[in-house]
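The values are calculated or read from the model by the stated rules, or taken from the named source; none is laboratory data. Nothing here was measured: the structure is a model prediction, and the numbers come from that model. Neighbour counts are summed over all protein chains in view; Cβ atoms, including those assigned to glycine, are modelled from backbone coordinates with ideal geometry. The protein model used for the area step is the full one, side chains on, heavy atoms only, and it has no ligands, DNA or RNA in it. Shrake-Rupley method; radii C 1.70, N 1.55, O 1.52, S 1.80 Å.
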Amino acid sequence: MKSSIITAAVIMSSVGVPAANPSLVDTVRVLDELVVESAVKAPVSLLPFNSKIIGSATIDNSAETNVLPVLQNHIPGMFVTERGLAGYGVSGGGAGAVSIRGVGGGNKVLFLIDGQPQWAGVFGHSLPDTYVTNDVQRVEVVSGPSSVLYGSGAMGGSVNLITRQASKEGFSGSVRIIGGSYGTQKYGAKAGYRYDRLRVFAAASYESSDGSRRGMGYWLANQYVSLSYDFSKHWEAGTSMMLTETKADNPGSVNRPQPLGMWAKQLRTTASVFVKNRYDIASGGIQAYYNWGKHDIDDGLDSRNMPRTYLFHSKDFNMGVTMYQTVKPWAGNDVSVGVDFKHWGGQAYNTSKIDGGESPIVDRHVNEIAGYAMMQQSFFDNILNLNAGIRLEHSSQFGNQWVPQAGLVLRPLSESRVKFCYGRGFRSPNIRELYMYGPRNPDLQPEEMDSYEIELRQWFLGRRINVGVSLYHISGNNLIQTVMLDGAARNVNTGHFTNKGFEIDAAYSISRNWTVTANYAYLHTDAQIVGAPKNKLFGEVVYTPGRWQFVADVTGIWGLLTEESKENYALLGLKAAYTLGQKMPITVFLKGENLTATSYQINYGFPMPRATIMAGAEWKF
């Protein structure tokens, strides 16, 4: 173990943004002057917090089929819990919990698809198995409260998945096949058609694995389609639909006397329509969306190690309308105003395994409506930028919630930047906390968090080197916890926490063939937080001689608290790829993870696999 950590440190001392090869550029970008627009949502660049874009080159070259491992590597303060080789699952033994700067438990990091919030309406948790790379063009990640723009759930940060569209005139696409350790197989295909103002895109993928333990099988099927049309150079309309179905088996903790025998099946759909406008001094749009899901779960054995006599089911929905308009009333000024309406909720019930009889548990919904405004003004030829924003959200459950933010960016030199920002985030209580089981409490109020951050960033050698340091202080209040009151368990707003730390990221494009990236995050908390490491280190070296690509990466984790242990580990990964042909190239690759066969676990009782090997091929046409 010690030698693995030393190896990681040695490699990291030489390492950071992906290859300078033109086909690989569009990797990890730090938002500076760049304005990024989601599908009908105000530009995320108006949020003053640390924001990064993970581009299509990084996503595609990772050979990952789920977005979360890619994000964890390239966002310094982000960590994702895992339970095995493939499939995060839900319910007992589930994983895929995402934290940013130690904030994440209880779904405090909001995931979105094209600006549409994604969560299970009954339990409020994210849906990690549904975030597949086959559909995603880029990802916008904000490390800090994003509630001014997105509302509830974006308390610790936001992850906005921007879906793919047809980019080339005519017909184009790709097919990918991957296979490897533990009977893992993955298939994906995507195709786009663009003719004049019309764009059509479709993608489908399937993957399955026996898992690294007996009884940990997993499969997932995903389909996505989108259609958009430019009515003029100023107006665009479109629609999209996604369907994902997955099933994950759970053998339970290795510490149990016998297997748990649990499985969880999910069906998720999301659909939207939008209209957008683009003018020189204004841009905006309106979007309506509907997300729906169904979960069927066998919780395996009960406390007496006997098979349960029922299955658990939940159906949830999340629908809404969002609209915004950003205008530039004068030079250096951007003002964005928006309105969001959300109607979400669901029902849960049990069915008997013997006769199929239903036993209702809950059937509830919540309405939320919000208005927000953000403004950014530059002074002295963009040397100084001031940013301010505010959101007022009204919920049928808790009433009004005010959310402020403010920040400034100073550029004392053309290649330097200093940023300071303050923001508040919040998370609304979910249906389970409000109305389900014994601890339920319909009078719960939102959880709240205040965050302060200062960032120093410097570019060197014509921006071939990029180094950033961020320091932050976070204070959370009104956290929902279960306590004993008058001899009975009850959910109440009583918890608080303080997180503080710093993050460093660096990237160096050494030459056309060599690039290196690295990032490190340190987290100090005043409370024990499961699934948020004290130290997190990642480094990557990319070498692209001609048609070859070689990648070496190292991950180091120290001070990771699980439910009953503290983990320290270092992982080594290698990848080699070769591309044949030019007009319709075929790329073949071989990839290895945890090649030092390190023993570790992230979810207690679920040991992670030792060395794994994957091989595959992708044909682009």
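Give, as a single signed number, the net charge of other residues whose beta carbon lies under 10 Å from the beta carbon of Ala370, with Lys and Arg counted +1 and Asp and Glu -1.
-1
What aspartates and glutamates sit close enough to Lys500 to cross-link, taking a C-alpha to C-alpha distance under 18 Å and skipping anything fewer than 8 places away on the same chain?
Counting by Cα, and skipping residues close in sequence, Lys500 has these aspartates and glutamates nearby: Glu448, Asp450, Glu453, Glu455, Asp526.
If Thr562, Thr309 are ordered by their accessible area, calculated over protein heavy atoms with a 1.4 Å probe, which sequence runs from highest to lowest?
Largest to smallest exposure gives the sequence Thr309, Thr562.
Where does the charge balance sit around Lys294 when Lys and Arg score +1, Asp and Glu -1, over other residues with C-beta under 10 Å from its C-beta? Before the final figure, lay out each step's value.
On the way: positive: Lys265, Arg268, Lys315; negative: Glu245, Asp296, Asp316.
Charge balance in the 10 Å sphere: 0.
Keeping all protein chains in place and using 1.4 angstrom, which order do Lys342, Lys168 fall into by accessible surface area, from largest down? Each step should come with its number before you reach the end.
Details: Lys342 10, Lys168 125 Å².
Ranked from most to least accessible, the order is Lys168, Lys342.
Quote to one decimal, in nm, the extra length available between Trp514 and Asp450 on full extension: 0.36 nm per residue of separation minus the C-alpha distance between them. Spell out each step's value before the answer.
Values: separation 64, 0.36 × 64 = 23.04 nm, distance 4.05 nm.
Taking Trp514 through Asp450 to full extension adds about 19.0 nm, to one decimal.
Less than 10 Å Cβ to Cβ from Pro69, Lys/Arg counted +1 and Asp/Glu -1: what total charge do the surrounding residues give?
Details: positive: none; negative: Glu64, Glu82, Glu593.
With Lys, Arg at +1 and Asp, Glu at -1, the neighbours total -3.
Taking the Cα centre of the chain as the origin and placing charges on Cβ (Lys, Arg +1; Asp, Glu -1), which of Pro48, Tyr522, Val483 is farthest toward the positive end of the dipole?
Tyr522
Using 12 Å as the cut-off for backbone N distance, which residues of region 257-300 belong to the label zone defined by a point 7 Å from the Cα of Lys353 along Cα→Cβ?
260-263, 298-300
Out of the total accessible area of the chain (probe 1.4 Å, heavy atoms of protein only), what percent is carbon and sulfur?
Details: 15080 of 25360 Å².
C and S atoms contribute 59 percent here.
Per residue, how big is the convex hull around the C-alpha atoms of region 394-535? Give it to me in cubic angstrom, could you?
Working: hull volume 22.2 nm³, N = 142.
It comes to 156 Å³ per residue, whole-number rounded.
What aspartates and glutamates does Lys315 reach when the alpha-carbon gap must be under 15 Å and sequence neighbours fewer than 8 apart in one chain are set aside?
Within the straight-line cut-off, Lys315 pairs with Glu245, Asp296, Glu358, Asp363.
Where both partners of a DSSP beta bridge lie in region 99-216, what percent of those bridges are antiparallel, to the nearest 5? Kindly include the intermediate steps, with their values, before the conclusion.
On the way: 32 of 37 bridges.
Given both bridge residues lie in region 99-216, the antiparallel proportion sits at roughly 85 percent.
Would you mind calculating the relative contact order of region 44-203 from Cα pairs under 8 angstrom and at least 6 residues apart, reporting the percent as a whole number?
Working: 314 pairs, mean separation 32.7, N = 160.
The value is 20 percent.
Explain nothing, just the number: relative contact order of region 490-621, from Cα pairs under 8 Å at least 6 residues apart, as a whole percent.
16 percent
If you take the Cα atoms of region 131-174, find Rg, then find the Kirkwood Rh from the mean of 1/r over all pairs, what is Rg/Rh?
Details: Rg = 14.4 Å, Rh = 12.3 Å.
Radius of gyration over Kirkwood radius for region 131-174 works out to 1.17.
Order the following by accessible area, largest value first: Tyr150, Tyr195. Probe radius 1.4 Å; ligands, DNA and RNA are ignored.
On the way: Tyr150 10, Tyr195 145 Å².
Of Tyr150, Tyr195, the descending order of accessible area is Tyr195, Tyr150.
What dipole magnitude, in Debye to the nearest 20, does the chain give about its Cα centre under +1 on Lys/Arg Cβ and -1 on Asp/Glu Cβ? Don't jump to the answer; show the numbers that get you there.
Working: 56 positive and 52 negative charges, 229 e Å.
That gives the chain a dipole magnitude of about 1100 debye.
When the scattering of region 232-343 is computed by the Debye formula from its Cα atoms alone, each counted once and equally, what is log10 I(q)/I(0) at q = 0.09, 0.11, 0.12, 0.20 Å⁻¹?
-0.48, -0.60, -0.65, -1.05
How much accessible area does Thr133 have with a 1.4 Å probe, in Å² rounded to the nearest 10?
The accessible area of Thr133 comes to roughly 10 Å².
Under 18 Å from a point placed 7 Å out from the Cα of Ala331 along the Cα-to-Cβ direction: which residues of region 273-287 have their backbone N that close?
280-282
Give me the orientation-averaged projected area of the Cα convex hull of region 149-243, in nm², one decimal. Let's see the in-between values first.
Numbers: hull surface 37.2 nm².
So the Cα hull casts an average projection of 9.3 nm².
With a bin width of 20 angstrom, please list the P(r) values of the chain as percents of all Cα-Cα pairs, from the 0 bin to the one holding the largest distance.
Binned Cα distances yield the sequence 19, 57, 24, 1.
If you average the sequence gap of Cα pairs under 8 Å that are 6 or more apart and divide by the length of region 289-377, what percent do you get for the contact order? Can you show the working numbers first?
Working: 188 pairs, mean separation 23.9, N = 89.
Result for region 289-377 is 27 percent.
Say the cut-off is 27 Å between C-alpha atoms; which of Lys108/Lys342; Lys294/Lys353; Lys186/Lys566; Lys247/Lys353; Lys190/Lys265 go over it? Display every interim value, and only then the final one.
Working: Lys108/Lys342 18 Å; Lys294/Lys353 18 Å; Lys186/Lys566 33 Å; Lys247/Lys353 19 Å; Lys190/Lys265 25 Å.
Beyond 27 Å: Lys186/Lys566.
Heavy-atom accessible area per residue, the chain, 1.4 Å probe: how many Å²? Don't skip to the end; give the middle numbers.
Details: 25360 Å² over 621 residues.
Value for the chain: 41 Å² per residue.
Which value, in Å² and to the nearest 10, is the accessible area of Glu358 when all protein chains are kept and the probe is 1.4 Å?
Its accessible surface works out to 130 Å², give or take rounding.
Sum -39500 (n - 2.57) across every DSSP H segment of at least 4 residues in the chain, then divide by the residue count to get the 222 nm mean residue ellipticity, nearest 500.
On the way: 5 runs with 34 residues, N = 621.
Helix contribution divided over all residues of the chain: -1500 deg cm²/dmol.
Treat region 495-588 as a sphere of radius equal to its Kirkwood radius over Cα pairs and apply Stokes-Einstein at 25 °C in a medium of 0.890 mPa s; give the translational diffusion coefficient in µm²/s, rounded to a whole number. Provide the component values of the computation, followed by the final result.
Details: Rh = 16.0 Å.
The Stokes-Einstein estimate is 154 µm²/s.
How high is the FRET efficiency between Leu408 and Arg308 when r is their beta carbon distance and R₀ equals 51 Å, given to the nearest 0.05? If you can, show how the numbers build up before the last one.
On the way: r = 56 Å, r/R0 = 1.10.
About 0.35, to the nearest 0.05.
Longer than 20 Å from Cα to Cα, which of Lys233/Lys276; Lys52/Lys276; Lys536/Lys575 are they? Say none if no pair is. Present the calculation step by step, with values, prior to reporting the outcome.
Details: Lys233/Lys276 11 Å; Lys52/Lys276 24 Å; Lys536/Lys575 22 Å.
In this structure, Lys52/Lys276; Lys536/Lys575 exceed 20 Å between Cα atoms.
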